[in-house]
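Down below is the structure, laid out as structure tokens.
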Amino acid sequence: MGIYQSTQNQFPERWCYFFGFPNILLSYNTGKDEFKMVETAKIVLKNMGCVQVNECTVYLSGGISENYQEVSKNVYRYNVDENIFRNLPQMNIARYTHQLMYNKYDSKLYALGGRSYGQGSEGILNSCECYDFQKGKWEMIAPMNFKRATFFSILYEQKIYVFGGYTDVRKRSKKIEKLENQKWVLLNVKLQYGVEQGVLYQNQQKELFILGGQSVDGIIDKHQVIDFNKQISYISKTYNQKPRVLQKGTQIDNLSIQFFGSETLSIERGEISNLELKIYKGNSLLNQIQNESLKEFSMADYTFELGIILKPIISYIMIIQEDVIHRINKVYFKDQNQSKQQKFKEYIQSTTILSNKIYLYSGALLLQDGSVIIMGGVNNQMNQISNETIKIEPNFNQVSKLAKMNQARYAFSYTLVDNYIYVAGGRYYGDDDQGILDSSERYNINTNQWEILAKLNEKRCSCFMIKHNGRVLVAGGFNTFKTRINTIEIYNPELKCWEMLGITLHNSIEACTFTYRSIQSKLDFITFGGRQSTDLDSVIKYSIDFDQPIDHQIGNFQQLQSLKFKGSLLQSIRIDDYILIIHQNGQQININSYQLNTLQQIESEINQELMGLLQELKVCNIGKLLIFD
């Protein structure tokens, strides 16, 4: 994204999340400079450990009750999209004001230090534990050399470092240590002064900045710098407009934001060298929250890794053709200042690095880092079915071969849930009775392994899959010769089986496209087009509340404004507040767009721009190949 010359209206868009006692989620949009607030389950405590691992997943641990009498061992995984907390196994030690971090190099959660029961230094911890997702349990690891609470932790050169923090009455630590070979090693370099409750930033030279916080002398109006390469630290002029303690902070590229702290409803945002203060005392939403409460909110941020500066999340559209793959930055449709030729150069990447042509009717997913996973499919002659899984790396010029699926398949359903890719159904060799599959499996992105799951209750191909509350649903599909089905199955991970839902689709269909929204117990999904004996133009919205008896919801659907064309094997993408449905008939490309909030059809400039882009890229075989975001 380059270096920003001005801090006004140029922040890339990203959501920051703050969890407050007892049931508040405060969300801040960095691009729009806006706050939102929603209620959550009443399980959030004060001073919890909190770490974000991707756009929609946050882990929370520990915390202390409102009356400061009960310290928690509980651990939760929170899905931002669904506003749902799920329990993980408890920590071994109850703790708060600790560090919770995710180490992407071993795919484990770490809970470090903090406080537990006890007065003064008695309650401060040096104990550490880690959660192994494969084993499904917390295990104690080596204790730190020093007890610490409200301290700092980072990743650097794939190792965990800790420093600073509260150690006793009127004492803050200068000591720095790292976890190496399963033990904590004390470094020779020290902080210039002991500090707690500040925020961390970094520059391109891998210098680490601690801004604000509290020392034995009180709230700090300066900052110190640590250079781990040179093994030195020094004090520098403050970047803060306002001295702060108990503030929260995040960094995107060379831009940074500090939130609240020190009895104030204000934030500072801008380039690290030039933060600008903004007061939010007039904000009616924030005025509902006491200043004192804001200091005890837990902010979800990614694990701080020195040398890896968090970049803006870029939204892409992927177009997968037989012999070329295009990755399009969605800013292409917003940039009105450049020519088409300039936009092509800046926002579109294309690659032909694959040695073989992409198979038809494959499955593909775009991951948060910009990489693409492609699974299965069938060749153009329909006589070679693949079980291969490949990954196109984020640099878009390198391909990695991943573990193969247990079952070769094409025309199957799939979705991403946390770190797993689920696939179900599809087709294999043979006629309809033999070739249509009821098998399912899932791929663990962290371990590069496919795991066989239970069989579906019904064979189905050209069906669709939706995720809801950590589970997956499979609906519709082609079943046997000239037969489509309308049943819905849901995977039960506790019983490790697929269960018939008891609610059916309005029509028995295959090969439709869809969109969905999942919030707590409620699931809304919309199907576009599809095929019975002929192609359809119907658009149907379904609403399911899993907290209500299923038999009360049979027939709970709504027919919306039909497509302007009949079609199956449609493709859908989202751009801004629109969902665009793409259909190709011969050389003719048709696009319908719906406004997401109202679900009304609307003609937008994006329609024409997208159509022109598809024609310019010579996109064909839309139904057999993939367009997705």
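The values are calculated or read from the model by the stated rules, or taken from the named source; none is laboratory data. What you see is a predicted model, and the numbers here were worked out from it, not measured in a lab. Reconstructed Cβ throughout: ideal geometry from the backbone, glycine too, with neighbour counts over all protein chains shown.
Numbers for the structure displayed
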read-out	value
Of residues in region 590-612 being of a type in the set (A, V, I, L, M, F, W, C) and more than 28 Å from the chain's Cα centre (by Cα), the one modelled with the lowest pLDDT	Ile602
Pair list, Cβ under 8 Å, 6 or more apart: region 192-206 residue without any contact (Cβ under 8 Å) to a residue 24 or more places away in the chain and among the aromatic types (Phe, Trp, Tyr), other residue buried (at least 22 other Cβ atoms within 10 Å of the Cβ) and part of a loop (DSSP other than H, G, I, E, B)	none
Filter pass, Ile573 being closer than 17 Å to Tyr347 by Cβ and within 26 Å of the chain's Cα centre (by Cα)	yes
Any hit, region 274-285, residues being at pLDDT 75 or above, assigned by TED's automatic domain parsing to the domain that holds Met101 and not in a loop (DSSP other than H, G, I, E, B)	no
Complete set of residues in region 424-467 that are more than 20 Å from Gln134 (Cα to Cα) and of a type in the set (A, V, I, L, M, F, W, C)	Ala424, Ile436, Leu437, Leu456, Cys461, Cys463, Phe464, Met465, Ile466
Residue ID - modelled with the highest pLDDT, chosen from residues in region 332-370 that are under 20 Å from the mean Cα position of the chain (by Cα) and farther than 24 Å from His583 by Cβ	Leu367
Complete set of residues in region 360-383 that are surrounded by fewer than 19 Cβ atoms within 10 Å (Cβ to Cβ), polar (S, T, N, Q) and touching a residue at least 24 places away in the same chain (Cβ under 8 Å)	Gln368, Asn380
Test result for Thr515, in contact with a His (Cβ under 9 Å, 6 or more places away or on another chain), of a type in the set (S, T, N, Q), touching a residue at least 12 places away in the same chain (Cβ under 8 Å) and outside any loop (DSSP other than H, G, I, E, B)	no
Members of region 438-491 found to be aromatic (Phe, Trp, Tyr) and touching a Phe, Trp or Tyr at 6+ places or on another chain (Cβ under 6 Å), listed by number	Tyr443, Trp450, Phe464, Tyr491
Unique match (being among the hydroxyl-bearing types (Ser, Thr, Tyr) and in contact with a Gly (Cβ under 9 Å, 6 or more places away or on another chain)) among Ser533, Ser462	Ser462
Residues of region 474-498 satisfying the condition of being of a type outside the set (S, T, N, Q) and free of Cβ contacts under 8 Å to residues at least 40 places away in the same chain	Ala475, Ile485, Ile488, Glu489, Ile490, Pro493, Glu494, Leu495
Identity of the residue in region 206-217, at pLDDT 85 or above and assigned to a strand (DSSP E or B), that ends up farthest from Glu271 (Cα to Cα)	Ser215
Within region 515-530, tally of residues that are modelled with pLDDT of 90 or more and touching a Leu at 6+ places or on another chain (Cβ under 8 Å)	5
Enumerated strands (runs of 3 or more DSSP E) restricted to region 431-487, each holding at least 2 residues that are closer than 27 Å to Asn83 by Cβ and not assigned by TED's automatic domain parsing to the domain that holds Asp132	440-444, 464-468, 471-475
Selected residue (only one of Lys330, Lys357, Lys345 is of a type in the set (Lys, Arg), free of Cβ contacts under 8 Å to residues at least 24 places away in the same chain and surrounded by fewer than 20 Cβ atoms within 10 Å (Cβ to Cβ))	Lys345
Residues located in region 52-71, provided they are surrounded by fewer than 20 Cβ atoms within 10 Å (Cβ to Cβ) and either in contact with a Pro (Cβ under 7 Å, 6 or more places away or on another chain) or within 21 Å of Lys42 (Cα to Cα) (or both)	Cys56, Thr57, Ser65, Glu66, Asn67, Tyr68, Gln69, Glu70
Test: Tyr422 is over 17 Å from Cys512 (Cα atoms), surrounded by 16 or more Cβ atoms within 10 Å (Cβ to Cβ), out of contact with any His (no Cβ under 6 Å at 6 or more places or on another chain) and of a type in the set (Phe, Trp, Tyr)	yes
Among (1) more than 25 Å from the chain's Cα centre (by Cα); (2) more than 30 Å from Glu196 (Cβ to Cβ); (3) at pLDDT below 85, the one test that Lys295 misses	(2)
Residue within region 247-259 that is in the same structural domain as Gly218 (by TED's automatic domain parsing), on the phi > 0 side of the Ramachandran plot and modelled with pLDDT of 75 or more present	yes
Single residue of region 184-205 satisfying the filter (at pLDDT below 90 and over 22 Å from Arg115 (Cα atoms)) that is surrounded by the most Cβ atoms within 10 Å (Cβ to Cβ)	Gln202
Residue that is nearest to Arg484 (Cα to Cα), among those in region 417-430 that are assigned to a strand (DSSP E or B) and in contact with a Leu (Cβ under 7 Å, 6 or more places away or on another chain)	Arg427
Yes/no for Tyr414 being touching a Gly at 6+ places or on another chain (Cβ under 9 Å) and either assigned by TED's automatic domain parsing to the domain that holds Val53 or touching a residue at least 40 places away in the same chain (Cβ under 8 Å) (or both)	yes
